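Below you'll find the structure, written out as structure tokens, and then a few comments.
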Amino acid sequence: MPLTILIVDDDLGTRLSISDYLELSGYSVMTADDGQEALTIVEEHHPDLIVTDIIMPRMNGYDLVRRVRQQPGFRLLPVILLTARTKTQERILGYQSGCDLYLPKPFELEELAAAIRNLLERSQIIQSEYGFYHQENLVTHTPTKSPDTNNSDLTGIQKPEMFSELTPREQQVLELLTHGLSNAEIGQELHLSSRTVEKYVSSLLRKTFTSNRAELVRFAIKHGLVE
């Protein structure tokens with residue numbers, strides 16, 4: 001079956017031009033004209049990637065991405081933000097909301113298609129690795145505890161030794177990171193400054209031997225470090 005792309009834009013011409021190009025490229029395409037409609041489609045149809053404008057009625061692109069990232073099943077769903085806004089601070093807001101790529105308008109459809117192809121390939125690799133390791137752990141690490149053993153020991157998934165080295169605060173930060181929250185949002189949740197949150201993130205990267213947040217989230221999910 002072809003992979004499904006959700007296009008979200010309140011401009012009909014933009015939706016049609018992107019949809020037509022992607023369908024000719026072999027994708028299945030769904031469309032929405034605002035973030036609220038898009039969120040419903042995401043929850044019901046589980047698209048493989050979202051391309052969304054920022055300025056839209058009812059729910060803008062920033063809020064759409066944040067709402068999507070709050071749901072565990074969509075933490076790693078690739079999202080591309082499209083907008084005519086090109087200021088640095090606005091791009092930062094896009095990445096803080098949880099988008100994977102910020103593409104300013106006007107853009108070439110060929111460039112958008114290349115970005116989509118790259119993100120989908122990476123997403124499929126991540127999902128494949130997660131599925132493989134999850135199944136491998138379930139098969140090779142069968143529970144041996146007695147029936148009255150604590151439930152956390154009966155999952156059948158053994159966590160790596162490094163997990164014991166994480167402090168309770170680092171575990172809290174890691175959990176919120178997998179929900180797609182920015183440093184500022186994590187700080188609000190835990191009553192910490194953004195700079196302090198960044199120090200915890202740096203410590204997590206060091207302890208998990210990962211080089212960026214995407215790898216850290218992938219590592220945490222693969223090794224069962226988050227709920």
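Checking each residue of the range 8-15 against the condition of being surrounded by fewer than 17 Cβ atoms within 10 Å (Cβ to Cβ), assigned to a strand (DSSP E or B), without any contact (Cβ under 8 Å) to a residue 60 or more places away in the chain and assigned by TED's automatic domain parsing to the domain that holds D100 gives no match.
Against the condition modelled with pLDDT of 85 or more and surrounded by fewer than 16 Cβ atoms within 10 Å (Cβ to Cβ), how does E189 come out, does it pass? Spelling it out, E189 is indeed modelled with pLDDT of 85 or more and surrounded by fewer than 16 Cβ atoms within 10 Å (Cβ to Cβ).
Could you check how many residues of the range 105-124 are farther than 24 Å from F219 by Cα and at pLDDT below 85?
Selection size over the range 105-124: 2.
Pairs meeting the criteria (first residue in the range 194-210 and within 19 Å of K222 (Cα to Cα), second residue basic (K, R) and buried (at least 19 other Cβ atoms within 10 Å of the Cβ), beta carbons under 6 Å, at least 6 apart or on different chains) are lacking. Which one of these is of a type in the set (G, A, S), at pLDDT 80 or above and not in a loop (DSSP other than H, G, I, E, B): G94, G73? Going through G94, G73 in turn, the sole match is G73. Residues that are buried (at least 17 other Cβ atoms within 10 Å of the Cβ), under 17 Å from the mean Cα position of the chain (by Cα) and of a type in the set (S, T, Y) occur at least once in the range 57-78. Just one residue in the set L49, L93 is surrounded by 20 or more Cβ atoms within 10 Å (Cβ to Cβ), aliphatic (A, V, I, L, M), in contact (Cβ under 8 Å) with a residue 24 or more places away in the chain and within 23 Å of L177 (Cβ to Cβ); that residue is L49. Within the range 16-37, the set of residues being closer than 17 Å to L81 by Cα, outside any strand (DSSP E or B) and in contact with a Pro (Cβ under 9 Å, 6 or more places away or on another chain) comprises D33, D34, G35, Q36. Condition (residue is outside any loop (DSSP other than H, G, I, E, B), surrounded by 11 or more Cβ atoms within 10 Å (Cβ to Cβ), at pLDDT below 85 and polar (S, T, N, Q)) applied to the range 135-143: is it met by at least one residue? For the range 135-143, residues outside any loop (DSSP other than H, G, I, E, B), surrounded by 11 or more Cβ atoms within 10 Å (Cβ to Cβ), at pLDDT below 85 and polar (S, T, N, Q): present. Condition (residue is within 17 Å of the chain's Cα centre (by Cα), hydroxyl-bearing (S, T, Y), closer than 26 Å to V217 by Cα and not assigned by TED's automatic domain parsing to the domain that holds E189) applied to the range 87-94: is it met by at least one residue? The answer is no; no qualifying residue exists.
The values are calculated or read from the model by the stated rules, or taken from the named source; none is laboratory data. Note that the structure is predicted; figures quoted are calculated from it, not measured. For neighbour counting, all protein chains shown are included, and Cβ atoms are generated from backbone atoms with ideal geometry for every residue, glycine included.
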